[in-house]
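Have a look at the structure below before the remarks.
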Amino acid sequence: MSAGFVGVLVSDPWLQSQFTQVELRTLKAKYVSIRTEGGRVTVGDLPPVFVKLRAFTEVFNEDEIKAILKESYSKAEEELDFETFLRAYLNVQARVPAKSGGKKLRYSSSFLKASTTTFRHNINESEKASYVSHINNHLGEDSFLKTYLPIDPATNALFDLVKHGVLLCKLINVAVPGTIDERAINTKKEMNPWERNENHTLCLNSAKAIGCTVVNIGTQDLAEARPHLVLGLISQIIKIQLLADLNLKKTPQLVELVDDSKDVEELMGLPPEKVLLKWMNFHLKKAGYNKEVTNFSSDVKDGEAYVYLLNALAPELSTPDTKAASNPAERAKVVLEQAEKLDCKRYLNANDIVEGSPNLNLAFVAQIFQHRNGLSTDTNKMPFAEMMEDDAETSREERCFRLWINSIGIVTYVNNVFEDVRNGWVLLEVLDKVSPGSVNWKQATKPPIKMPFRKVENCNQAIKIGKELSFSLVNVAGNDIVQGNKKLLLAFLWQLMRFTMLQLLRNLRSHSSHSQGKEITDADILKWANSKVKKVGKTSQMESFKDKTLSNGVFFLDLLGAVEPRVVNWSVVTKGESDEDKKLNSTYIISVARKLGCSIFLLPEDIIEVNQKMMLTLTASIMFWSLQHQAAEPESSAAEDNADASSTASMEGENEAALAGEVSDMTMDDAASDSAMSP
């Protein structure tokens, strides 16, 4: 497939998605013009420029724009990079509907559908109070946060605390311990905007890596602590923590909920909240409750299901009052009194039950499960669960592909790759995302799919598109995916992920050199990384992506330091000689890369064991960030690398020639590529 021209590039995918290329080119031209004239771009430069833009010219005068910007940027002399310039534009754009009063504007902007309504969102105070309680409870003794905690839920202290970026990083580590190497978190009492932005970037990339959906949240949203977005993210993080045990690996006793191995397979494919509902209904049925609970809102608001559930799980705590309560409000109070004896009241009050708050009721039931699941530890069905377990590497790869798929913004949320892709629909969604227009949707069937041959048709189309994209799919048929052939499925997903990475890099190259040359290969990535490290005077090198010396982590730390000298704290880096030192370095590498802006899903074990697929994805992600950053930031190190080229500027991005030089200098050698990434 031929490479297309991609236009102005922005490092934050959410920010990029808010604009068309025409809009980005226009705004880039304005930004470059201001900087050419004054040497830099400040907040004070924006009002006279913005007021002339047709999106604002009918709505605001210069003083009004100045007042809007002052809310987010207190100092007029504060210098702005291009991305902050774009975010400042979005801040003004968000005020257009309120100011225009809904009247039809001669020049109405077609983009920013989501952002124009952000200021109207109402905050659920009960949820906020619950999340504050959770934070106070789990982070009250944290060495950095204890001076700010406990938070008073009646104030906006939560949102003020979010702005420096530490709180959410720490909360992610509470939810999934070890996700973030805390040595990578900036924890100074007084942080500059760059350091705060690093924390927010680390937070969002780490949130993706534990399964949060953050497609519509950017670092600026966290820097400004937009309440509905902050609470939405906190809600997801806490939910992941509370539902962490609702799988067969953590709680093999869950097999008691099913009858045979086929049902176990189905159970493994369910999202955690569905497993929680299945568990709840299992106990309710045994207790004689004759309704099925299908949600954590309307089905539980009368409190009856809770009465039966708690009586079944903790009959010793039951009192005559429990079933005697005549109305929902009274019943909810009795339920909470009983739950408190199990230490399960923390997340909601009686009113939350009666009103059917879905998030808080889910948290309540999850807490009951954690404290007393009522499942047998001795069951004949346990071998079913053991049969279903994958080896460690397969599990890690499934996790990586699942998180990657969920991060690219498709409609379907994947809970288990091996189960959720078998009908072919998810694969078609991913293919359409990474190769737009490749899917013939008229020939695809959307789930739920009852007819098996329709699943095969979907998978056959996915295989056909894969072959058109030059994937190696010899003797692979759609039925192999429907049947759940894990080896073939992982091979297909790896090629899909690799294609996406190489396409992104190729598009950068095409964008920079205005050419459609040969593909970027694995060998090019290898050569770029070695060259980058060598340029800064470091001696570490990698022979290939399966070079065993990579296990000590030194090369990747050198590479990260080469692309952004400020990002690595060398005082915490080890030589990587012992197993413990290797683990310390590998966890630090992942957090530093995420802090920089890389969206990666590998685990420390992948570096220690030198999983060559993950080594390629890590290197390619760092390369993509570096080249993209240089395309967006003309003052970057590429200007030094290629002084002659850096004087070339265009509306789509200054320093494109320097970027082109760095990428096109690579040797386009397919044979070398094969040796760099051999099976």
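The values are calculated or read from the model by the stated rules, or taken from the named source; none is laboratory data. Treat the numbers as computed from the prediction; the structure is a model and nothing was measured. Reconstructed Cβ throughout: ideal geometry from the backbone, glycine too, with neighbour counts over all protein chains shown. Only protein heavy atoms, including side chains, enter the accessible area calculation; ligands, DNA and RNA are left aside. Shrake-Rupley method; radii C 1.70, N 1.55, O 1.52, S 1.80 Å.
Taking a straight line from the alpha carbon of Lys188, these lysines sit under 26 Å away, with near neighbours fewer than eight places off in the same chain left out: Lys70, Lys75, Lys146, Lys163, Lys170, Lys208, Lys583, Lys595. The apolar share of the surface of region 249-375, taken as the fraction of accessible area on carbon and sulfur atoms (1.4 Å probe, ligands and nucleic acids excluded), comes to 46 percent. Excluding same-chain neighbours fewer than eight residues apart, the lysines reachable from Lys301 by a Cα-Cα span under 19 Å are Lys274, Lys278, Lys285, Lys291, Lys323, Lys333, Lys345.
Beyond a 31 Å Cα-Cα separation, which of these cross-linked pairs lie in this structure: Lys28/Lys467; Lys467/Lys546; Lys433/Lys527? Pairs exceeding 31 Å: Lys28/Lys467. Placing dummy labels 7 Å off each Cα toward the beta-carbon, the span from Glu419 to Arg54 is 5.2 nm. Applying Stokes-Einstein at 10 °C and 1.306 mPa s to the Kirkwood radius of region 400-556, computed over alpha-carbon pairs, gives a translational diffusion coefficient of 90 µm² s⁻¹. Each distinct pair of alpha carbons in region 470-513 adds a 1/r term; the inverse of their mean, the Kirkwood radius, is 11.9 Å. Solvent-accessible surface of protein heavy atoms, probed at 1.4 angstrom with all chains present, puts Tyr413, Tyr306 in the order Tyr413, Tyr306, largest first.
In nm, what is the difference between 0.36 nm times the number of residues separating Gln541 and Asn137 and their Cα-Cα distance? Don't jump to the answer; show the numbers that get you there.
Working: separation 404, 0.36 × 404 = 145.44 nm, distance 4.60 nm.
Fully extending the segment from Gln541 to Asn137 adds 140.8 nm.
Ranking of Glu83, Glu141, Glu340 by solvent-accessible surface, largest first: Glu141, Glu340, Glu83 (1.4 Å probe, protein heavy atoms only, all chains present). In order along region 575-591, the phi-based Karplus estimate (6.51 cos²θ - 1.76 cosθ + 1.60, θ = phi - 60°) of 3J(HN,Hα) comes to 6, x, 7, 9, 4, 5, 5, 4, 5, 4, 5, 5, 5, 5, 4, 4, 5 Hz; Gly and Pro are listed as x.
With each label modelled as a point 7 angstrom along the Cα→C-beta vector, the Glu337-Glu605 pair spans 4.8 nm.
Fully extending the segment from Glu64 to Asn216 would add 52.0 nm, taking 0.36 nm per residue of separation and subtracting the current Cα-Cα distance. At an R0 of 22 angstrom, the distance between the Cβ atoms of Thr36 and Arg566 translates into a FRET efficiency of 0.25.
Rounded to the nearest 10 square angstrom, Lys333 shows an accessible area of 130 square angstrom against a 1.4 Å probe. Judged by the mean number of other Cβ atoms found within 10 Å, the most tightly packed of the peptides 487-497, 397-407 leads the ranking 397-407, 487-497.
Protein chains only, probe 1.4 Å: how do His283, His629 rank by accessible area, largest first?
His629, His283
Taking amide H as placed 1.01 Å from N in the peptide plane, Asp142 has no amide H partner under 5 Å among residues 5 or more places away or on another chain. Residue by residue, region 271-285 carries 3J(HN,Hα) couplings of x, x, 5, 6, 5, 4, 5, 4, 5, 4, 5, 4, 6, 5, 5 Hz when phi is fed to the Karplus relation 6.51 cos²θ - 1.76 cosθ + 1.60 (θ = phi - 60°); x denotes Gly or Pro.
Per-residue SASA remark: Glu125, around 110 Å² accessible (1.4 Å probe; ligands, DNA and RNA not included). Rounded to whole numbers, the Karplus 3J(HN,Hα) couplings from phi for region 217-226 are 10, x, 4, 5, 4, 6, 4, 8, 6, 4 Hz, using 6.51 cos²θ - 1.76 cosθ + 1.60 with θ = phi - 60°, and x at Gly and Pro. The amide H of Thr42, built 1.01 Å from its N in the peptide plane, has Leu80 as neighbours under 5 Å, considering only residues 5 or more places off or on other chains.
Between Lys467 and Gln495, the distance separating the two model label sites (each 7 Å from Cα on the Cα→Cβ line) works out to 1.0 nm. For Asn295, nonlocal amide neighbours, meaning residues 5 or more places apart or on other chains whose placed amide H falls under 5 Å from its own, do not occur.
Atom-type composition of the exposed protein surface of region 410-453 places 56 percent of the accessible area on carbon and sulfur (1.4 angstrom probe).
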